[in-house]
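Trainee: Sharing a structure below in structure tokens format, with a few things to ask.
Please treat every number below as a calculation from the coordinates, not as lab data. No experiment lies behind these values; they were computed from the predicted model shown. Cβ: placed from backbone, ideal geometry, glycine included. Neighbour counts: every protein chain shown.
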Amino acid sequence: MADPFIGEIKIFPYTYAPRGWALCNGNMLERNQSPVLFSIIETIYGGDGVRYFQLPDFRGRAPMNRGQTETKTYTIGYSSGTDSIVLDEFQTPRHSHRLLATTDIADKKTMDNPSMLAKTELKRGSGIDVYANVPENPTKIQMHSNSLSAVGEYAAHENRQPSLTFNFCIALKGLYPSRE
């Protein structure tokens, strides 16, 4: 294998960084520890630039090419995205839920499939039956929008594309990349 360029980033299937490479895990390095690498990446990924500079952090990140879209400019070192997201009712696609109900008298205390809400009659001293069997062709009824409430607890869910984990490593030694 030819010598890498200093600062070159490669993907490795190992649980460690090979000799001459460092894991892209956001670690801080002292400038005097790797002055040549600092001269190439400077403080693009963080650090004070006086004593320390930071390596790129690929943990939980996907690489992206620099460039510009209609709404955003992506520069080298720009980090975006989130591990999880909370959806509210305005981000959920419009949809409906079917409610089956009948004017028949209820004859079941608990629901079994197929069952539907049914007319109840109060009987003093006994439980109230609320379900009846679903007829062959149930009638659809329209519910008033105020009869339903929002569901969910606004809890975050994972927001990640299917992935396979590798180690991204940056070359600490090798050829100095020319700017031609």
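Trainee: Is there a quick way to get the dipole size of the chain? I mean about its Cα centre, with the Cβ of Lys and Arg at +1 and of Asp and Glu at -1; what is the value in debye to the nearest 20?
Mentor: That gives the chain a dipole magnitude of about 140 debye.
Trainee: Is the C-alpha gyration tensor of the range 1-71 telling us rounded, prolate or oblate? Criteria: a/c under 1.5 is rounded; beyond that, a/b larger than b/c is prolate, otherwise oblate.
Mentor: Judged from the Cα gyration tensor, the range 1-71 comes out oblate (a/c at least 1.5, b/c at or above a/b).
Trainee: Follow-up question, since we're still on this one. For a quick check: with amide H placed at 1.01 Å from N, whose amide H comes under 5 Å from Gly46's, ignoring anything fewer than 5 positions away on the same chain?
Mentor: Residues meeting the amide H criterion: Gln54.
Trainee: Mind running the shape call on the chain? Use the C-alpha gyration tensor, a ≥ b ≥ c as the square roots of the eigenvalues: rounded below 1.5 for a/c, prolate if a/b tops b/c, oblate otherwise.
Mentor: Judged from the Cα gyration tensor, the chain comes out prolate (a/c at least 1.5, a/b above b/c).
Trainee: Also: Provide the gained length on full extension for the span Ile9 to Ile40, in nm with one decimal, where the gain is 0.36 nm per separating residue minus the Cα-Cα distance.
Mentor: Extra length from Ile9 to Ile40 when fully extended: 9.9 nm.
Trainee: Related question: Consider a paramagnetic label point 7 Å from the Cα of Asp57 along Cα→Cβ; state which residues of the range 78-94 have an amide N under 12 Å from it.
Mentor: 79-80
Trainee: Which order results if Glu8, Glu158, Glu180 are arranged by neighbouring Cβ count within 10 Å, fewest first?
Mentor: So the ranking, lowest neighbour count to highest, is Glu180, Glu158, Glu8.
Trainee: Give the relative contact order (percent, whole number) for the range 1-67; include only Cα pairs under 8 Å separated by 6+ residues.
Mentor: Value for the range 1-67: 32 percent.
Trainee: Between Thr92 and Arg66, what length in nm is gained on full extension when 0.36 nm per residue of separation is reduced by their alpha carbon distance?
Mentor: Difference between extended and current length: 6.2 nm.
Trainee: What FRET efficiency do you get for Glu158 and Glu30 if R0 is 41 Å and r is their Cβ-Cβ distance, rounded to the nearest 0.05?
Mentor: The calculated FRET efficiency here is 0.70.
Trainee: Still on this model: Is the shape of the range 1-42 rounded, prolate or oblate, going by the alpha carbon gyration tensor and its root eigenvalues a ≥ b ≥ c, with a/c under 1.5 for rounded and a/b larger than b/c for prolate?
Mentor: Here the range 1-42 falls in the oblate category.
Trainee: Which residue, chosen from Tyr78, Leu175, Gln91, occupies the Cα position most advanced towards the positive end of the dipole of the chain, where the dipole is computed from +1 (Lys, Arg) and -1 (Asp, Glu) charges on Cβ about the Cα centre?
Mentor: Farthest towards the positive end: Leu175.
Trainee: Show me, for the range 9-18, the HN-Hα J-couplings you get by feeding each phi into the Karplus relation (A = 6.51, B = -1.76, C = 1.60, θ = phi - 60°), rounded to Hz, glycine and proline as x.
Mentor: In residue order, the calculated couplings are 10, 10, 9, 10, x, 8, 8, 9, 8, x Hz.
Trainee: Quick one: how many lysine pairs in the chain have C-alpha atoms under 18 angstrom apart, if they're 8 or more apart or on different chains?
Mentor: 6
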